[in-house]
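One structure is given here, and the rest of the page talks about it.
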Amino acid sequence: FADSVVYSDTENHWASAAIEEWSGLGIIQGADGKFRPDDSITRGETAVILDRVMKYVTKSQNSFTDLGQDFYTDAMLKANAAGILKGDAGTIRPSDKITREEAVVVLGRALGLTELTTGTAFTDSSSISSWASGYVNAMVSRGYIQGANGAFNPKAAITRAEFVTILNNAIAKIYREEASYTENIVGTVIVNVPGVVLKNMTITGDLILSEGVGEGDVTLEDVTVTGRTIVRGGGANSIHITGDSKLAEIYIEKRD
């Protein structure tokens with residue numbers, strides 16, 4: 001993925017490898033040499049992280065009564081425009097700690113997952129909110145989340161380490177620099193910049209061409225995608241599928 005970043009408080013932490021990896025990508029960041037892995041994360045901070053992953057473009061108008069100008073404002077308005085982070089009764093609660101079930105829902109939406117009705121075997125599954133259960137089921141079915149001691153603890157605040165672990169489980173590769181790439185990957189692949197060429201490769205999983213592609217070009221040359229190809233960026237004629245490419249399912253999710 002990227003050069004790892006080492007923090008003074010993560011060396012012996014169970015999530016240290018994922019924390020270092022995603023810090024190296026610049027997706028998550030610590031401060032003063034510490035990551036605070038067991039601290040909670042706010043809804044505003046969650047939006048910032050997802051914006052770094054997907055590079056959202058379009059912002060909603062700020063009609064939220066509790067969203068002032070802060071480091072997370074633009075990211076929250078972008079996540080809202082993308083349908084990832086939704087408000088309630090005119091509020092979006094940027095400073096609230098995000099719960100484990102809320103985090104799973106926003107990540108599930110960001111990854112374009114289909115909600116599943118098949119129940120999970122968590123001992124506390126009855127306490128998972130109805131609006132979250134479909135994404136919890138989908139995440140479990142893909143192996144992105146596991147509970148602890150048989151429970152999911154949906155209402156507990158998710159920790160920074162837990163959040164980055166789900167990211168690490170769910171996303172195998174992010175292409176974030178204009179270049180040509182050839183490698184086989186198992187898992188979800190995200191392209192979030194224009195000018196990327198994927199050539200002679202098999203993606204055993206999903207491919208997301210994110211909003212960050214803008215109106216630019218992405219070329220898939222002799223690429224096989226066994227899962228879904230989700231197109232959220234690119235201009236009218238700028239996603240080029242050439243050669244012997246095989247895309248199992250294509251979903252166009254452009255917002256404009």
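Let me confirm something: among Thr46, Thr58, which residue is assigned to a loop (DSSP other than H, G, I, E, B) and either on the phi < 0 side of the Ramachandran plot or open to solvent by 20 Å² or more (accessible area, probe 1.4 Å) (or both)? Steps first, answer last, please.
Values: Thr46 fails: assigned to a loop (DSSP other than H, G, I, E, B).
Testing whether each residue is assigned to a loop (DSSP other than H, G, I, E, B) and either on the phi < 0 side of the Ramachandran plot or open to solvent by 20 Å² or more (accessible area, probe 1.4 Å) (or both) leaves just Thr58.
Quick test of your reading of the structure: Lys173 fulfils all but one of (1) open to solvent by 40 Å² or more (accessible area, probe 1.4 Å); (2) without any contact (Cβ under 8 Å) to a residue 40 or more places away in the chain. Name the failing condition by number.
The single condition Lys173 does not satisfy is (2).
Under 14 Å from the mean Cα position of the chain (by Cα), part of a loop (DSSP other than H, G, I, E, B) and either on the phi < 0 side of the Ramachandran plot or at pLDDT 95 or above (or both): which single residue out of Tyr144, Tyr135 fits that description? Working first, answer last.
Details: Tyr135 fails: part of a loop (DSSP other than H, G, I, E, B).
Answer to the selection: Tyr144.
Does Ala15 satisfy being surrounded by fewer than 22 Cβ atoms within 10 Å (Cβ to Cβ) and either more than 16 Å from the chain's Cα centre (by Cα) or touching a residue at least 12 places away in the same chain (Cβ under 8 Å) (or both)?
Values: surrounded by fewer than 22 Cβ atoms within 10 Å (Cβ to Cβ): yes; either more than 16 Å from the chain's Cα centre (by Cα) or touching a residue at least 12 places away in the same chain (Cβ under 8 Å) (or both): yes.
Yes.
Can you tell me which residues in region 239-254 are part of a loop (DSSP other than H, G, I, E, B) and farther than 10 Å from Leu220 by Cα?
Filtering region 239-254 down to residues part of a loop (DSSP other than H, G, I, E, B) leaves 243-245, 253-254.
Listed by number, the residues that qualify are Glu253, Lys254.
What single numbered condition from (1) open to solvent by less than 60 Å² (accessible area, probe 1.4 Å); (2) touching a helix residue (DSSP H, G or I) at 6+ places or on another chain (Cβ under 7 Å) fails to hold for Ala148?
(2)
Is it the case that Asn168 is out of contact with any Cys (no Cβ under 8 Å at 6 or more places or on another chain), within 26 Å of Asp206 (Cα to Cα), in contact (Cβ under 8 Å) with a residue 60 or more places away in the chain and not aromatic (Phe, Trp, Tyr)? Break it down into steps so the answer makes sense when it comes.
Numbers: out of contact with any Cys (no Cβ under 8 Å at 6 or more places or on another chain): yes; within 26 Å of Asp206 (Cα to Cα): yes; in contact (Cβ under 8 Å) with a residue 60 or more places away in the chain: yes; not aromatic (Phe, Trp, Tyr): yes.
It is true that Asn168 is out of contact with any Cys (no Cβ under 8 Å at 6 or more places or on another chain), within 26 Å of Asp206 (Cα to Cα), in contact (Cβ under 8 Å) with a residue 60 or more places away in the chain and not aromatic (Phe, Trp, Tyr).
Of the residues that make up region 88-99, is at least one on the phi < 0 side of the Ramachandran plot, in contact with a Phe, Trp or Tyr (Cβ under 9 Å, 6 or more places away or on another chain) and assigned to a strand (DSSP E or B)?
Yes, region 88-99 contains a residue that is on the phi < 0 side of the Ramachandran plot, in contact with a Phe, Trp or Tyr (Cβ under 9 Å, 6 or more places away or on another chain) and assigned to a strand (DSSP E or B).
Tell me which residues, restricted to region 108-134, are under 27 Å from Glu20 (Cα atoms) and either buried (at least 20 other Cβ atoms within 10 Å of the Cβ) or touching a helix residue (DSSP H, G or I) at 6+ places or on another chain (Cβ under 9 Å) (or both).
Taking region 108-134 and keeping what is under 27 Å from Glu20 (Cα atoms), we get 108-113.
Within region 108-134, Gly108, Arg109, Ala110, Leu111, Leu113 qualify.
When you go through (1) in a loop (DSSP other than H, G, I, E, B); (2) touching a residue at least 60 places away in the same chain (Cβ under 8 Å); (3) not acidic (Asp, Glu) one by one for Phe163, which number turns out not to apply?
(1)
What single numbered condition from (1) buried (at least 17 other Cβ atoms within 10 Å of the Cβ); (2) over 20 Å from Thr99 (Cβ atoms); (3) not aromatic (Phe, Trp, Tyr) fails to hold for Leu167?
Checking Leu167 against (1) buried (at least 17 other Cβ atoms within 10 Å of the Cβ); (2) over 20 Å from Thr99 (Cβ atoms); (3) not aromatic (Phe, Trp, Tyr), the one that fails is (2).
Name the single residue that is most open to solvent (accessible area, probe 1.4 Å) among those in region 81-107 being over 18 Å from the mean Cα position of the chain (by Cα) and β-branched (Val, Ile, Thr).
The selected residue is Thr91.
Within the set of pairs 6 or more residues apart or between chains, which connect a residue that is touching a residue at least 40 places away in the same chain (Cβ under 8 Å) and among the hydrophobic types (A, V, I, L, M, F, W, C) inside region 39-60 to a residue that is open to solvent by 30 Å² or more (accessible area, probe 1.4 Å) and not in a helix (DSSP H, G or I) with Cβ atoms less than 8 Å apart?
Ile41/Lys97; Ile41/Ala157
Could you give every pair whose Cβ atoms fall below 7 Å, whose first residue belongs to region 184-204 and is within 15 Å of His240 (Cβ to Cβ), and whose second residue is small (Gly, Ala, Ser) and outside any strand (DSSP E or B), counting only separations of at least 6 or pairs across chains?
Hits for this filter: Val191/Ser210; Pro194/Gly214; Pro194/Gly216; Gly195/Gly216; Val196/Ala179.
The values are calculated or read from the model by the stated rules, or taken from the named source; none is laboratory data. This one's a predicted model, so the numbers in the text were calculated from it and none came from an experiment. Note that we place each Cβ from the backbone using ideal geometry, even for glycine, and neighbour counts take in every protein chain shown. These area figures cover heavy atoms from the full protein model, side chains too; ligands, DNA and RNA do not enter into them. Shrake-Rupley method; radii C 1.70, N 1.55, O 1.52, S 1.80 Å.
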